[in-house]
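Engineer: Here it is, the structure in full.
The values are calculated or read from the model by the stated rules, or taken from the named source; none is laboratory data. None of these values were measured; they are calculated from a predicted model. Note that each Cβ is placed from the backbone with ideal geometry, even for glycine, and that neighbours are counted across all protein chains shown.
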Number of protein chains: 2
Amino acid sequence: MKREDRKQAIMDLLVDVRAVSLDDLASRFDVSRMTVHRDLDDLAQAGLLRKVRGGATVEPGTQFESDFRIRAMQDAEAKARMARAAAALVEPGMTVMVNDGSMAAGLADALLDRRPLTVISNNAALIDRLRDEASVRLIALGGVYSAKYNGFFGVVTEAALSRLRADLAFVSTPAVNDLRAFHMDDEVVRAKRAMMDAADQRCLLINHKRFGHSALHALAGLAEFNHIITDESPPSDQLARLSAAGIVLTIARNTA
Amino acid sequence: MKREDRKQAIMDLLVDVRAVSLDDLASRFDVSRMTVHRDLDDLAQAGLLRKVRGGATVEPGTQFESDFRIRAMQDAEAKARMARAAAALVEPGMTVMVNDGSMAAGLADALLDRRPLTVISNNAALIDRLRDEASVRLIALGGVYSAKYNGFFGVVTEAALSRLRADLAFVSTPAVNDLRAFHMDDEVVRAKRAMMDAADQRCLLINHKRFGHSALHALAGLAEFNHIITDESPPSDQLARLSAAGIVLTIARNTA
DNA sequence: CATGAAAAATGTGATCTTCACATAATTTCA
DNA sequence: TGAAATTATGTGAAGATCACATTTTTCATG
């Protein structure tokens with residue numbers, strides 16, 4: 001049994017029983033306690049469970065609220081690649097905006113190599129991450145907190161953006177189709193849109209799997225972005241359409 | 001040697017050496033490792049040092065940046081009393097604003113008894129504390145992050161407040177004199193002022209020791225507050241002046 | 001498709017941390 | 001002042017973490 005399978009099996013167990021002991025897991029999967037510790041550390045890091053002395057638990061209700069934690073764990077390696085490619089667009093001294101559910105914290109790490117910077121964001125994970133970095137001027141966009149997206153949204157957010165300006169905005173999207181980016185949530189679209197309007201240049205971050213998907217609310221045409229970064233080459237039919245329209249993708253390759 | 005003296009001695013050591021080992025501390029003060037663990041836990045909890053395996057360290061620069069952490073630790077018991085008295089003014093369903101350096105987190109805890117609530121704040125500790133509380137609608141005021149005050153300030157903050165309204169605003173101050181509240185920092189005054197203007201009722205929180213102190217920037221006259229909460233009775237000369245002006249103090253007594 | 005180097009996963013034992021409980025010191029207050 | 005309550009401290013068992021050694025997997029390339 002592979003490591004990721006075992007982690008998934010641990011999570012499957014936890015939805016039923018709410019608490020498991022470390023010894024139980026070790027004998028069930030026939031691995032050492034150390035290995036179980038490491039698995040639980042990973043899962044706890046991702047916010048999917050909480051380590052307690054002798055085992056792990058999930059709080060009731062975590063299933064719903066941890067959407068963004070689950071997303072943060074998925075494709076972590078691809079996200080790190082994209083984050084490095086994104087950070088390469090940034091020069092020290094610039095002002096950048098970041099609006100991103102599941103990639104913000106990773107992008108924050110990558111941006112640290114480009115300090116000093118001014119960073120503007122409505123993402124709680126990024127704000128936590130950069131708060132104590134002395135050489136980053138951090139501007140939070142306020143707003144109503146959304147547990148689903150782990151960020152701040154609403155008129156307060158949009159009004160704050162209307163008063164600010166940045167050199168570059170990093171925007172992500174879960175769906176691109178017909179040369180347009182989409183999002184399922186109205187309020188998120190408005191925040192992303194306001195951020196795009198407040199920046200001189202715009203960079204779109206998108207997982208290659210999301211090409212060819214649509215969602216209810218249109219965010220922007222791909223031509224509005226100065227850079228589009230993805231982790232792998234999209235399906236060839238999608239790629240053909242993009243290049244026919246003159247859209248250039250930056251693919252963040254493995255050994256960057 | 002008493003416990004608090006020993007903790008102070010540990011901190012004194014750390015300003016010189018930046019790192020100490022647990023065993024060293026245990027033999028130096030002739031106490032068990034367990035006792036040193038507990039001391040370090042307390043100090044780490046207060047943010048004054050960081051426990052590491054086998055000892056503790058202070059990051060360079062922590063001396064400057066941890067102002068708010070030190071303030072948060074001081075008079076913790078009195079602050080908890082004031083927080084309970086403040087929370088007593090709140091009814092479930094209300095919208096309250098909190099602008100507070102060192103008392104915000106404690107006030108957040110006290111407010112949990114009055115859920116459901118809408119809480120508006122520019123304080124990072126409070127935002128962290130309330131983020132995952134399902135029955136609290138949390139609205140963050142954005143702004144430029146200040147490491148000194150552990151909160152967000154500036155035009156973004158003030159603009160957000162101009163769009164919001166609350167039933168009650170909790171405002172604290174480090175100085176009250178001649179029936180007026182003061183603060184040493186211009187930007188903090190503007191945020192507090194904006195918050196007061198955005199609320200129907202205003203409650204001032206002040207440590208009794210701060211009566212009779214002034215600071216550069218005037219915040220407001222005491223008559224502008226509907227409630228003034230303090231932890232103990234101020235000096236009698238101050239008290240006389242206050243009652244002569246018809247100002248009523250709420251004193252949060254020990255056994256509340 | 002072999003193969004060998006690099007990366008990832010796992011195990012081991014020493015060391016450190018935490019917990020629960022027992023005991024001692026201190027404070028509180030009638 | 002003296003008993004009760006609170007706070008501080010010690011002890012040993014059980015758990016967690018770390019560094020390092022070993023095994024397994026991955027993957028580019030001959």
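Engineer: Check A:D42, A:D24, A:D5 and return the single one that is away from chain B (no Cβ under 14 Å), away from DNA strand C (no atom under 13 Å from the Cβ), out of contact with any helix residue (DSSP H, G or I) (no Cβ under 6 Å at 6 or more places or on another chain) and of a type outside the set (G, A, S).
Structural biologist: When all the criteria are applied, what remains is A:D24.
Engineer: Further, regarding this structure: Just give me the residues in the stretch A:142-170 being part of a loop (DSSP other than H, G, I, E, B) and of a type outside the set (S, T, Y), in sequence order.
Structural biologist: Once the filter is applied, which keeps residues that are part of a loop (DSSP other than H, G, I, E, B) and of a type outside the set (S, T, Y), the stretch A:142-170 yields A:G142, A:A147, A:K148, A:N150, A:G154, A:R163, A:L164, A:R165.
Engineer: Looking only at residues in the stretch A:44-83 that are touching a Lys or Arg at 6+ places or on another chain (Cβ under 9 Å), more than 12 Å from DNA strand D (Cβ to nearest atom) and part of a helix (DSSP H, G or I), which one is modelled with the lowest pLDDT?
Structural biologist: A:F64
Engineer: Counting only residues that are within 13 Å of A:V156 (Cβ to Cβ) and in contact with a helix residue (DSSP H, G or I) (Cβ under 7 Å, 6 or more places away or on another chain), which one in the stretch B:113-141 is farthest from the other protein chains (Cβ to nearest Cβ)?
Structural biologist: Ranking the qualifying residues of the stretch B:113-141, first place goes to B:S121.
Engineer: What do you reckon, is A:I206 surrounded by 15 or more Cβ atoms within 10 Å (Cβ to Cβ) and more than 16 Å from DNA strand D (Cβ to nearest atom)?
Structural biologist: In short, yes.
Engineer: Which condition number in (1) at pLDDT 95 or above; (2) within 16 Å of DNA strand C (Cβ to nearest atom) is the one that A:M94 fails?
Structural biologist: Result: A:M94 passes all but (2).
Engineer: Condition check: under 22 Å from B:I206 (Cα atoms), in contact with a Lys or Arg (Cβ under 6 Å, 6 or more places away or on another chain) and in the same structural domain as B:L219 (by TED's automatic domain parsing). Does B:M103 satisfy that?
Structural biologist: Here the answer is yes, as B:M103 does meet what is asked.
Engineer: Right, another one. Quick check: anything in the stretch B:100-121 surrounded by fewer than 24 Cβ atoms within 10 Å (Cβ to Cβ), polar (S, T, N, Q) and not in a helix (DSSP H, G or I)?
Structural biologist: Yes - at least one qualifying residue is present in the stretch B:100-121.
Engineer: Please work out if B:V176 is in contact with a Cys (Cβ under 8 Å, 6 or more places away or on another chain), closer than 24 Å to B:A88 by Cβ and more than 7 Å from chain A (Cβ to nearest Cβ).
Structural biologist: For B:V176, the condition - in contact with a Cys (Cβ under 8 Å, 6 or more places away or on another chain), closer than 24 Å to B:A88 by Cβ and more than 7 Å from chain A (Cβ to nearest Cβ) - is not met.
Engineer: Then there's this: What residue, among those in the stretch A:25-43 that are over 30 Å from A:Y149 (Cβ atoms) and within 11 Å of DNA strand D (Cβ to nearest atom), is surrounded by the most Cβ atoms within 10 Å (Cβ to Cβ)?
Structural biologist: A:V36
Engineer: I've got another one for you. Quick one: which residue in B:A198, B:A160, B:A166, B:A181 is free of Cβ contacts under 8 Å to residues at least 40 places away in the same chain and either within 14 Å of another protein chain (Cβ to nearest Cβ) or within 23 Å of B:S243 (Cβ to Cβ) (or both)?
Structural biologist: None of the others qualify; the one that does is B:A160.
Engineer: Moving on. Checking A:V98 against (1) under 15 Å from B:G142 (Cβ atoms); (2) within 13 Å of chain B (Cβ to nearest Cβ): exactly one of these is not met. Which one?
Structural biologist: Status for A:V98: all satisfied but (2).
Engineer: List every residue pair whose Cβ atoms sit under 7 Å apart, with the two residues 6 or more apart in sequence or on different chains, where the first one lies in the stretch B:142-156 and is more than 7 Å from chain A (Cβ to nearest Cβ) and under 16 Å from A:N123 (Cα atoms) and the second, anywhere, is assigned to a strand (DSSP E or B) and of a type in the set (S, T, N, Q).
Structural biologist: Close Cβ pairs satisfying both conditions: B:G151/B:N123.
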